[in-house]
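Below is one structure, written out as structure tokens, with a few remarks after it.
The values are calculated or read from the model by the stated rules, or taken from the named source; none is laboratory data. Keep in mind the model is a prediction, meaning the values are calculated, not measured. All Cβ positions, glycine included, derive from the backbone under ideal geometry; neighbour counts span all protein chains shown. Protein only, heavy atoms only, side chains kept; ligands, DNA and RNA dropped before computing areas. Shrake-Rupley method; radii C 1.70, N 1.55, O 1.52, S 1.80 Å.
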Amino acid sequence: MTDILEIARAQALGEGMGLDREQALRCLRLPDDSLGELLALAHEVRWAASTRSSSAPT
């Protein structure tokens, strides 16, 4: 099984796509010891989204 965090990272940061329902559920089912990595990924995604939106022409 491919690691959902790797998939999420590639989709969100690489392709700019969100997760589908099943992928989100897989994230919710991660073991407790994966919480730190999941939160770090969420932070990376928020950071990337904010830098994209701040560099967009107005």
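Structure summary
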read-out	value
Residue in region 35-48 that is in a loop (DSSP other than H, G, I, E, B) and open to solvent by less than 50 Å² (accessible area, probe 1.4 Å) present	no
Residue list for region 1-20, restricted to those being assigned to a loop (DSSP other than H, G, I, E, B) and within 19 Å of Arg52 (Cα to Cα)	Gly16, Met17, Gly18, Leu19
Some residue of region 21-31 being touching a Cys at 6+ places or on another chain (Cβ under 8 Å) and either in a helix (DSSP H, G or I) or surrounded by 10 or more Cβ atoms within 10 Å (Cβ to Cβ) (or both)	no
